[in-house]
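Beneath this line is the structure, given in structure tokens, with notes to follow.
The values are calculated or read from the model by the stated rules, or taken from the named source; none is laboratory data. Since this is a predicted model, take the numbers as computed values, not measurements. Heads up, the Cβs are rebuilt from the backbone with ideal geometry, glycines too, and the neighbour counts pull from every protein chain shown.
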Amino acid sequence: MLSVENLTFRYRRGGEELFDDLSYAFEPGRVTAVTGASGRGKSTLLYVLGLMLTPLRGTVTLQGNNVSAAADAERSRIRAESIGFVFQDSALDPTRTILDSVTEPALYAGWSRSRAQEQGRVLLERMGVGNRADHMPGEISGGQAQRVAVCRSLVTDPAVVLADEPTGNLDQANAEGVLTALSEAAGAGALARTVVIATHDPFVIEFADEVLAL
Ligand SMILES: Nc1ncnc2c1ncn2[C@@H]1O[C@H](COP(=O)(O)OP(=O)(O)OP(=O)(O)O)[C@@H](O)[C@H]1O
């Protein structure tokens, strides 16, 4: 389980404080939409949950551990093992094949190449883009690229998936495909994963199980 307690963040001393002592539990098996006007800190909250930014006050707790207090190396390890990211424009490396982009986080987490590739191909197949595994990102559509980005976020089988405006540039049919994939990733029962989506897309908010308004 992922939660924040009394969370406040600021980018620089004397700068605007975000979140105002936010406390919230992000439930496994649920898709939570983080909403709020532009500049309220939706993206920043994902970076704090993803241990890329350190809170000014308060804590981030993952599976019972106060991970926001961990040393840098430990945070990197937790991130590699337990957290997957999906970014708005899919951010696929134009010089790597689709399969290489998908497997990269698993290699970073210490998996063997063969295990990472096997898992990558399973996910791409499940997401309907298995036949694009050996293509370059420039050869696939925006909707397909975003489904590939979801595969990349899931390759290490992380407990938490954080998605920043994952449907930002997609039409409704493609947005639905991405959201369904994230919802299936949340799953249920023993395999339940926590999925958090930062968005101002009403379609995503409607789709989500929970809404956290900043
Ligand atoms: N790297 C940074 N350094 C300093 N301030 C930043 C930085 N990134 C964001 N901010 C500021 O922090 C606040 C929150 O930004 P953030 O991008 O998290 O908001 P958001 O709710 O995701 O906005 P949007 O809906 O426009 O994407 C904004 O005032 C923004 O200008």
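Could you please tell me which pairs satisfy a Cβ distance under 8 Å, a separation of 6+ or placement on different chains, a first residue in the stretch 39-56 that is more than 17 Å from S3 (Cβ to Cβ), and a second residue that is basic (K, R) and more than 12 Å from the ligand (Cβ to nearest atom)?
Within 8 Å, the pairs are M52/R79.
Residue check: is I83 in contact with a Pro (Cβ under 8 Å, 6 or more places away or on another chain) and either over 30 Å from M136 (Cα atoms) or crowded, with 17+ Cβ neighbours inside 10 Å (or both)? Give the derivation first.
Values: in contact with a Pro (Cβ under 8 Å, 6 or more places away or on another chain): yes; either over 30 Å from M136 (Cα atoms) or crowded, with 17+ Cβ neighbours inside 10 Å (or both): yes.
When the stated conditions are applied, I83 passes them.
Step by step: first the residues of the stretch 1-16, then only those that are of a type outside the set (S, T, Y) and more than 10 Å from the ligand (Cβ to nearest atom), then the one that is modelled with the lowest pLDDT. Which residue is that? Full working, then the answer.
To start, the set of residues in the stretch 1-16 that are of a type outside the set (S, T, Y) comprises 1-2, 4-7, 9-10, 12-16.
If we keep only those that are more than 10 Å from the ligand (Cβ to nearest atom) as well, we get 1-2, 4-7, 13-14.
On the way: M1: 86, L2: 96, V4: 98, E5: 97, N6: 97, L7: 97, R13: 92, G14: 90.
Filtering the stretch 1-16 for residues that are of a type outside the set (S, T, Y) and more than 10 Å from the ligand (Cβ to nearest atom), the one modelled with the lowest pLDDT comes out as M1.
T97 is checked against (1) among the polar types (S, T, N, Q); (2) buried (at least 20 other Cβ atoms within 10 Å of the Cβ); (3) touching an Asp or Glu at 6+ places or on another chain (Cβ under 8 Å) and fails just one. What number does that condition carry?
Tallying (1) among the polar types (S, T, N, Q); (2) buried (at least 20 other Cβ atoms within 10 Å of the Cβ); (3) touching an Asp or Glu at 6+ places or on another chain (Cβ under 8 Å), T97 fails exactly one: (2).
Given the options S114, S141, S183, S153, name the one that is buried (at least 20 other Cβ atoms within 10 Å of the Cβ) and of a type in the set (S, T, Y).
None of the others qualify; the one that does is S153.
Quick one: which helices (runs of 4 or more DSSP H) sit completely within the stretch 54-161 and have at least 1 residues that are of a type in the set (D, E) and under 19 Å from the mean Cα position of the chain (by Cα)?
72-82, 98-108
For the stretch 19-34, give me each residue that is farther than 17 Å from V67 by Cβ, within 11 Å of the ligand (Cβ to nearest atom) and out of contact with any helix residue (DSSP H, G or I) (no Cβ under 6 Å at 6 or more places or on another chain). Break it down into steps so the answer makes sense when it comes.
If we filter the stretch 19-34 for residues that are farther than 17 Å from V67 by Cβ, which is where we start, we get 20-21, 27, 29-34.
Checking which are within 11 Å of the ligand (Cβ to nearest atom) leaves us with 34.
None - no residue of the stretch 19-34 is farther than 17 Å from V67 by Cβ, within 11 Å of the ligand (Cβ to nearest atom) and out of contact with any helix residue (DSSP H, G or I) (no Cβ under 6 Å at 6 or more places or on another chain), so the list stays empty.
Could you say whether any residue in the stretch 185-197 is at negative phi and within 16 Å of the ligand (Cβ to nearest atom)?
Yes, because at least one residue in the stretch 185-197 is at negative phi and within 16 Å of the ligand (Cβ to nearest atom).
Has the stretch 35-52 got any residue that is more than 26 Å from C151 (Cα to Cα) and outside any loop (DSSP other than H, G, I, E, B)?
no
Taking only the stretch 162-196 into account, find how many residues are in contact with a strand residue (DSSP E or B) (Cβ under 6 Å, 6 or more places away or on another chain), among the β-branched types (V, I, T) and part of a helix (DSSP H, G or I).
Within the stretch 162-196, residues that are in contact with a strand residue (DSSP E or B) (Cβ under 6 Å, 6 or more places away or on another chain), among the β-branched types (V, I, T) and part of a helix (DSSP H, G or I) number 0.
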